[in-house]
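Here is the structure we will look at.
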Amino acid sequence: MTRAHDRGMEAMILAGHGPWHDGGGHGWWPVIPLAFGLFWLLVLGGGGYLLWRRAKSPGGAESVLAERYARGEIDEEEYRERLAVLRS
């Protein structure tokens with residue numbers, strides 16, 4: 001008897017809620033897919049921006065070498081030799 005009563009109560013509870021019952025419900029259903037899409041757009045856009053920024057920045061080793069040459073730590077000959085090694 002208890003199980004039949006429980007099943008009946010479950011059916012009443014499930015049938016009484018949700019936007020599929022008598023056209024009722026909240027108008028939130030379009031927000032979930034839009035938020036999901038916006039989330040993935042932000043993730044992909046952020047990843048694309050990071051890749052773009054990384055590709056745009058000058059090479060790390062070349063910039064350090066240029067700074068050392070500018071400070072006078074190495075002469076032009078050593079600079080050109082090391083730059084050729086980095087680019088090969």
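One residue is enough: does segment 27-36 have a residue meeting the conditions at pLDDT below 90, part of a helix (DSSP H, G or I), of a type in the set (Val, Ile, Thr) and surrounded by 10 or more Cβ atoms within 10 Å (Cβ to Cβ)?
Within segment 27-36, the first condition is being at pLDDT below 90, and the residues that meet it are 27-32.
If we keep only those that are part of a helix (DSSP H, G or I) too, we end up with 31-32.
Next, from what is left, pick out any that are of a type in the set (Val, Ile, Thr): 31-32.
If we keep only those that are surrounded by 10 or more Cβ atoms within 10 Å (Cβ to Cβ) too, we end up with 31.
Within segment 27-36, one or more residues are at pLDDT below 90, part of a helix (DSSP H, G or I), of a type in the set (Val, Ile, Thr) and surrounded by 10 or more Cβ atoms within 10 Å (Cβ to Cβ).
Can you pull out every residue in segment 37-59 that is loosely packed, with under 10 Cβ neighbours inside 10 Å and not in a helix (DSSP H, G or I)?
Scanning segment 37-59 gives Ser57, Pro58.
Of all residues in segment 76-88, which are surrounded by fewer than 10 Cβ atoms within 10 Å (Cβ to Cβ) and modelled with pLDDT under 90?
Once the filter is applied, which keeps residues that are surrounded by fewer than 10 Cβ atoms within 10 Å (Cβ to Cβ) and modelled with pLDDT under 90, segment 76-88 yields Arg87, Ser88.
If Gly46 satisfies every condition in (1) in contact with a helix residue (DSSP H, G or I) (Cβ under 8 Å, 6 or more places away or on another chain); (2) modelled with pLDDT of 95 or more but one, which is the exception?
(1)
Just checking, which of Glu73, Glu10, Glu62 is modelled with pLDDT of 60 or more, surrounded by 10 or more Cβ atoms within 10 Å (Cβ to Cβ) and not in a helix (DSSP H, G or I)? Show your work before the answer.
On the way: Glu10 fails: not in a helix (DSSP H, G or I); Glu62 fails: not in a helix (DSSP H, G or I).
None of the others qualify; the one that does is Glu73.
The values are calculated or read from the model by the stated rules, or taken from the named source; none is laboratory data. Keep in mind that this is a model prediction, so the values were computed, not measured. Note that each Cβ is placed from the backbone with ideal geometry, even for glycine, and that neighbours are counted across all protein chains shown.
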